Amino acid sequence: MSWKSALSAMGLWVVMSVAALAAPPHKALIVTGQNGHDWKSTTPVLKKLLEDTGLFTVDVATSPEKGKDMSGFKPKFSDYELVVSNYQGDAWPEETKKAFVEYVKNGGGVLIYHFALAAFPEWKEYNEIIGLGGWGNRKEDAGPMLRLRDGKFVPDTSDKRAGGGHGPSQEFQIVVRDPEHPITKGLPEKFMHVSDELYGWLRGPAKNLTVLASAFAPKEKGGSGEDEPLLFTITYGKGRIFQNALGHTPKELASVAFIVTYQRGAEWAATGKVTQKVPADFPTADKASTR
Ligand code: ZN
């Protein structure tokens, strides 16, 4: 081998090694295209935050518009380790619903973002997968609320109102309820989030559900006077599901409290582990932070 070909072989080796190092190990799909919220502005942010971890390549599946023919909407969930839902709208075709349930049963990761918890009130398996939901006429038969009693979240059927609601946007403090879970491990016990909707009165089957963190919703600010679960996990079959109820618009997605819990929750849902370090700009008990 001449020195020239040796050098070019070495150059190729370097290029290939760098490519191998740089290639994110996991594949994520964001499902969107309909939402009572502005999915067009939040989806690029959700995509970039996943890519910023260095862990994910991200595709986006965009459904037809509301009211249009959905029969061709068939994202190939099984090609991915994580499905992020930013979808709330028309029912998916039966085949797509089945494929989604199979994907989760077989160990697929799911991240339910903000108003995606209002999707599909009539779809039984979806509600089991997401654990707790809101809006869409989720009455008592949707399942109980979860209420903090003696330090534990327990099913509670005493409140008869339909699931889902919030007062005006407000800053609120998030309190970690399970400090040993990989998503919350190492986070401060209490941390502030920017002014945002504080979702409350969520209802659902709430099976195999672990509340990771909650926030107190004061009655004088339109809340329930209860600690509302905002970050929680569910297991369904072999699948791992993480719900992050924060983040009304891109403005709220700039909150480091959202960014970090979203990124860690995504990794956990995809892999069952969290390798990300808690960043230096993480909010404190009395001060929110943004990027
Ligand atoms: Zn919202």
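Each value in this text was obtained by applying a stated rule to the coordinates, not by laboratory testing. Values in this document were obtained by computation on a predicted structure and should not be read as measured data. Note that we place each Cβ from the backbone using ideal geometry, even for glycine, and neighbour counts take in every protein chain shown.
Structure notes:
- Within the range 191-203, considering residues that are in a loop (DSSP other than H, G, I, E, B) and either without any contact (Cβ under 8 Å) to a residue 24 or more places away in the chain or crowded, with 24+ Cβ neighbours inside 10 Å (or both), the one nearest to the ligand (Cβ to nearest atom): Y199
- On inspection, A206 does not qualify as in contact with a strand residue (DSSP E or B) (Cβ under 8 Å, 6 or more places away or on another chain), among the small types (G, A, S) and within 16 Å of the ligand (Cβ to nearest atom).
- On the stretch given as the range 204-214, residues that are assigned to a loop (DSSP other than H, G, I, E, B) and more than 14 Å from G164 (Cα to Cα) total 4.
- Members of the range 135-167 found to be under 16 Å from E226 (Cα atoms), within 16 Å of the ligand (Cβ to nearest atom) and outside any strand (DSSP E or B), listed by number: G163, G164, H166, G167
- Residue match in the range 182-190 (condition: touching a Leu at 6+ places or on another chain (Cβ under 9 Å), assigned to a loop (DSSP other than H, G, I, E, B) and buried (at least 22 other Cβ atoms within 10 Å of the Cβ)): yes
- Counted residues, the range 257-284 - those being more than 16 Å from the ligand (Cβ to nearest atom) and either farther than 18 Å from K47 by Cβ or of a type in the set (D, E) (or both): 15
- Number of the condition not met by A91 [criteria: (1) farther than 30 Å from T275 by Cα; (2) away from the ligand (no atom under 16 Å from the Cβ); (3) surrounded by 15 or more Cβ atoms within 10 Å (Cβ to Cβ)]: (3)
- In the set E102, E94, E65, E81, only one residue is without any contact (Cβ under 8 Å) to a residue 12 or more places away in the chain and of a type outside the set (K, R); that residue is E94.
- Residue within the range 34-48 that is away from the ligand (no atom under 16 Å from the Cβ) and more than 16 Å from the chain's Cα centre (by Cα) present: no
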